[in-house]
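S.K.: Let me give you the structure first, and then I'll get to my questions.
Derivation of every value follows stated rules applied to the coordinates shown; laboratory data play no part. All values reported here derive from a predicted model rather than from experimental measurement. Because the Cβ atoms are built from the backbone with ideal geometry, glycine has one as well, and the counts that use them run over all protein chains shown.
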Amino acid sequence: MSTIVEKATELRRLHEAPELLLVVNVWDAITTTVVANTPGTRAVATASHGIAASRGYPDGEVIPRDEMIAEVGLIARTAGDLPVTADLEGGYGDAGDTIARAIDVGVVGANLEDQLKPLSDSVKAVEAAVAAGERAGVPFALNARTDAFLKAGDRDPEEVLADAIERGRAYLDAGATSFFAPGRLDETTVGRLVEALGERKVNIIGIPGSIPLATAQRLGVARVSYGPWSQNVALTALAGLAEDVYAGGGLPEGTRKLN
């Protein structure tokens, strides 16, 4: 069984490697088992939205921190030797303590979102998270996220991009391993982020309309994750089954028994 330090080291290596890191987000033990056992999986990532939804909470740090930590700990145990990075939203008001608790349950990386708080506050949160990893002796892979694109509203796109780059540089300078900019970003925007922040430093999300994986690889993106969309895929299949059954049908052809 790999140690937590070995898992953390591997997660960092996967972000730095030339090959694009792909993570299909999970939200509980059974989804972790399915993804972990799928050939090609090199790391496991949780989705805070998915975990919250599975427990009856809306997204946005409404789920109690203890419940979130318990779930990501279960996922880390279920993943075995695979490194697990957890979506811990904005850190629940205390990024350092939240990251320390995540490390205690076996998590070796995390998303930490800025929620477009003042830059100085967001940098302090990143510094606290990085310090928690250092105190634990774990080379924690902190993926500092900005909501600049998600909350752009009617702001000028150039202003939004400049804001994202400023935040990305500040978070990386504060010790973050990588920078996460979710949103429907076109090829030009992703390319400019990578040019400004460095290859294998920028992470993006796969959503309907996002750039192809081959393009992300060519541009020098480090990682593509899928956030709540993996859960939406599963729920779409479930809704389709219910609709087919109510219409007189049954299980679709090709259904596999995965649990």
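S.K.: Across the range 14-40, what is the number of residues that are surrounded by fewer than 17 Cβ atoms within 10 Å (Cβ to Cβ) and within 17 Å of Val107 (Cβ to Cβ)?
M.R.: 1
S.K.: Further question on the same structure: For residues that are touching a residue at least 40 places away in the same chain (Cβ under 8 Å) and within 28 Å of Pro83 (Cα to Cα), scanning just the range 150-172, find the one that is surrounded by the most Cβ atoms within 10 Å (Cβ to Cβ).
M.R.: Checking each candidate, the answer is Tyr171.
S.K.: Suppose we keep only residues that are touching a residue at least 60 places away in the same chain (Cβ under 8 Å) and either touching a Ser or Thr at 6+ places or on another chain (Cβ under 8 Å) or not in a strand (DSSP E or B) (or both) within the range 177-209. Which one would you say is farthest from His15 (Cα to Cα)?
M.R.: Checked the range 177-209; the qualifying residue farthest from His15 (Cα to Cα) is Phe180.
S.K.: I need the full set of residues from the range 4-31 which are more than 25 Å from Pro212 (Cα to Cα) and either touching a strand residue (DSSP E or B) at 6+ places or on another chain (Cβ under 8 Å) or of a type in the set (Gly, Ala, Ser) (or both), in order please.
M.R.: Residues satisfying the conditions are Lys7, Ala8, Ala29.
S.K.: Check whether at least one residue in the range 6-21 is out of contact with any helix residue (DSSP H, G or I) (no Cβ under 6 Å at 6 or more places or on another chain), of a type outside the set (Asp, Glu), under 19 Å from Gln231 (Cβ atoms) and touching a residue at least 24 places away in the same chain (Cβ under 8 Å), and report yes or no.
M.R.: No, there is no match, as no residue in the range 6-21 is out of contact with any helix residue (DSSP H, G or I) (no Cβ under 6 Å at 6 or more places or on another chain), of a type outside the set (Asp, Glu), under 19 Å from Gln231 (Cβ atoms) and touching a residue at least 24 places away in the same chain (Cβ under 8 Å).
S.K.: Leu11 passes all but one of (1) over 23 Å from Ser178 (Cβ atoms); (2) in a helix (DSSP H, G or I); which number fails?
M.R.: (1)
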